[in-house]
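Visitor: I have a structure I would like to understand better, so I am pasting it below and will then ask my questions one at a time.
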Amino acid sequence: MTGGARGRFARLAIDVRPLRVPAYRRLWVGNGVSMFGFQLTAVAVPVEMYALTDDSLWVGLLGIAGFVPLLIFGLWGGAIADAMDRRRLLLASSALMWLSTLGLLLQALFRVGSPVLLLVLVAVQTTAFAISSPARQAIIARLVPSTLVPAANTLGFTTSTFGAVVGPLVSGVVFSAASVDTALPIAYGVDAVLFTVSLWATYRLPPMPPILDDDADAAAPRRAGLRSITDGFRYLAGTPVLLLSFAVDIVAMVFAMPRALFPEVATERFGGGAAIGWLYSAIAIGSVLGGLTSGWINRIRRQGLGLVIAVVGWSLAIAAAGLAHQLWLVVGLLVLAGAADLVSSVFRQSMLQVYAPDRLRGRLQGVNITVVAGGPRLGDLRSGSMASVWGVGIAWSGSALAAAVLAVLVGVLFPALRRYRAPIADDPADPSPAGPLSGDADPDRSPAGSLPGDADPDRSPVGSLPGGPLSGDPRPVLADPPAGEADPGAGRAVEPAVPAPADRSGAPVAPEQRGVASADRPGAAPDQPGAASTERPGVPPDQPGAAPEQSGVASGRPGATPG
């Protein structure tokens with residue numbers, strides 16, 4: 001391979017720099033391995049339910065048992081993630097998820113044969129996932145520098161989608177090689193064993209207590225109640241960039257998700273057989289291929305514009321697939337749509353993790369889980385209803401074209417989204433130092449990439465400089481708004497950088513007095529000078545800088561991408 005070819009390959013290949021951070025690397029391995037194991041359970045549960053009842057209605061009730069807890073506890077789980085140590089919350093909820101898998105294994109081994117028990121265990125497992133998922137996603141931005149958040153999300157989405165493709169294929173081999181009574185304990189047992197890797201990775205995470213605002217009372221207890229959830233919605237409603245990113249995702253999933261039409265198209269257009277499998281797997285295959293060639297994503301700063309373009313690309317590819325009458329062409333276009341879907345998922349999740357202040361990340365991830373889980377299901381309802389009235393053509397291609405038009409209108413009519421820019425860094429090539437941090441016995445239990453005397457890199461871009469785009473305010477900037485002009489992306493006036501704090505004599509305050517991590521406080525997060533609470537108008541928020549549902553959120557395991 002020539003030097004030029006190697007360079008082009010390096011620019012396209014998936015960015016693996018976040019794996020240099022040990023804590024993230026362990027979490028990524030645990031999530032990927034457990035996602036593969038869960039796919040065995042995702043196939044085994046409906047197979048067992050149908051074997052017990054011989055009734056598809058009971059199989060359909062499994063969807064209700066999984067969806068309702070996701071909607072309810074996703075929002076509550078986000079509030080909890082902002083009120084307590086996220087590592088402890090993730091460890092407790094993951095343990096509950098593991099116990100529910102053990103319950104499935106035991107009932108299969110002892111042949112209990114109760115469909116009601118299956119529904120209960122699925123509901124418990126989904127509840128645990130709904131509580132853990134906001135914390136799991138919010139943790140990413142505190143493990144890696146903000147400039148590597150898109151790469152970290154891409155890695156997570158790609159491995160989860162790969163598990164969603166390979167897992168069902170392995171399940172098919174297991175159930176074809178053994179009887180149902182024999183295959184069920186094998187599937188549940190493999191899932192339980194592999195999920196212990198995720199538990200181990202969670203246990204090894206550093207402590208992640210809530211980060212208080214400068215004007216917050218450190219002694220005041222945080223409560224994860226309705227008021228806390230309402231605060232999250234209030235922040236989202238006043239933040240156009242994040243609100244619009246959710247809006248375009250809903251447009252993409254509700255108006256352009258065609259999967260409810262796959263059975264009819266496979267039968268009527270392609271004569272059944274293997275066509276149905278290709279249709280259902282094509283989008284996931286596209287996401288995997290998109291992830292493997294995603295090295296360019298981390299270099300895109302105009303993430304808002306990139307999100308809109310990706311959604312338009314998804315919608316147009318879906319519309320073209322609906323018009324095609326050759327199976328290979330339909331599958332190819334769905335693969336292309338899946339790659340565009342991965343790009344939009346990475347941009348949306350990265351914007352959410354970097355833009356939002358850490359104290360609200362859990363609650364906003366809870367909203368994200370609800371949107372990601374609900375959008376494709378509303379899309380199923382929309383496409384099925386339209387097909388029954390106007391036919392498959394309008395329900396598939398006509399609606400997807402409407403989605404493309406709506407996405408363009410969102411980008412044109414609301415400049416806050418298309419002007420959004422991700423934070424930049426002088427040299428993000430190495431996210432962490434080569435050796436242990438000074439004064440830290442365990443480099444994994446302190447912020448990645450921090451050096452003695454430096455501010456926490458998770459709370460400001462690497463290589464921050466005073467008085468410019470790389471100043472101490474880590475909030476991503478919009479396209480060069482003039483000083484003092486209203487910032488449409490944040491709903492606040494853009495102010496000049498705030499100088500470093502000084503004591504009453506006017507002398508600058510030493511780094512250790514400003515909350516920089518030290519040997520006495522391993523992993524302590526600094527309070528950023530000049531970064532203040534969002535409740536103080538005109539002051540930028542203090543915000544540090546992964547599944548969606550392609551099949552993972554619906555299935556109940558962390559790290560998957562939206563459908």
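Visitor: Let me know the shape class of the range 297-397, please: from the alpha-carbon gyration tensor, a ≥ b ≥ c as square roots of the eigenvalues, rounded when a/c is under 1.5, otherwise prolate if a/b is greater than b/c, or oblate.
Guide: On the way: a/c = 3.31, a/b = 1.62, b/c = 2.05.
Cα axes put the range 297-397 in the oblate bin.
Visitor: In what order, largest first, do Ile229, Ile64, Ile369 sit by accessible area if the probe radius is 1.4 Å?
Guide: On the way: Ile229 30, Ile64 100, Ile369 5 Å².
Correct descending sequence by accessible area is Ile64, Ile229, Ile369.
Visitor: Top to bottom by accessible area (1.4 Å), largest first, where do Asp341, Asp15, Asp55, Asp181 land? Write out the running numbers ahead of the final one.
Guide: Numbers: Asp341 5, Asp15 25, Asp55 60, Asp181 80 Å².
Reading off the accessible areas and sorting them downward yields Asp181, Asp55, Asp15, Asp341.
Visitor: Could I have the simple spin-label model distance between Val47 and Leu109, label points 7 Å from Cα toward Cβ, reported in nm to one decimal?
Guide: 1.9
Visitor: Rounded to a whole number, what % of the accessible area of the range 59-210 do carbon and sulfur atoms account for, probe 1.4 Å? Show your work: numbers first, answer last.
Guide: Values: 4030 of 5170 Å².
Carbon and sulfur atoms account for 78 percent of the accessible area of the range 59-210.
Visitor: Sticking with this structure for a sec: Taking a point 7 angstrom from the Cα of His325 along the C-beta vector, which residues in the range 263-299 have backbone N less than 14 Å away?
Guide: 268-271
Visitor: For the pair Val166 and Trp296, how long in nm is the line joining their label points, each one 7 Å along Cα→Cβ?
Guide: 2.7
Visitor: From largest accessible area down, sort Arg227, Arg20, Arg204; use a 1.4 Å probe on the protein chains. List each step's numbers first, then the result.
Guide: Details: Arg227 190, Arg20 120, Arg204 80 Å².
Of Arg227, Arg20, Arg204, the descending order of accessible area is Arg227, Arg20, Arg204.
Visitor: Does the range 52-102 classify as rounded, prolate or oblate by the C-alpha gyration tensor (a ≥ b ≥ c root eigenvalues; a/c under 1.5 gives rounded; else a/b over b/c gives prolate, otherwise oblate)?
Guide: Numbers: a/c = 7.35, a/b = 1.99, b/c = 3.69.
Oblate, since a/c reaches 1.5 and b/c is not below a/b.
Visitor: Still on this structure, please answer the following. Pull out the extension gain between Leu381 and Val193, defined as 0.36 nm times the separation in residues minus the alpha carbon to alpha carbon distance; nm, one decimal.
Guide: Working: separation 188, 0.36 × 188 = 67.68 nm, distance 3.62 nm.
Roughly 64.1 nm would be gained on extension.
The values are calculated or read from the model by the stated rules, or taken from the named source; none is laboratory data. Every value quoted in this text rests on a predicted model; they were computed, and no experiment measured them. Note that each Cβ is placed from the backbone with ideal geometry, even for glycine, and that neighbours are counted across all protein chains shown. Only protein heavy atoms, including side chains, enter the accessible area calculation; ligands, DNA and RNA are left aside. Shrake-Rupley method; radii C 1.70, N 1.55, O 1.52, S 1.80 Å.
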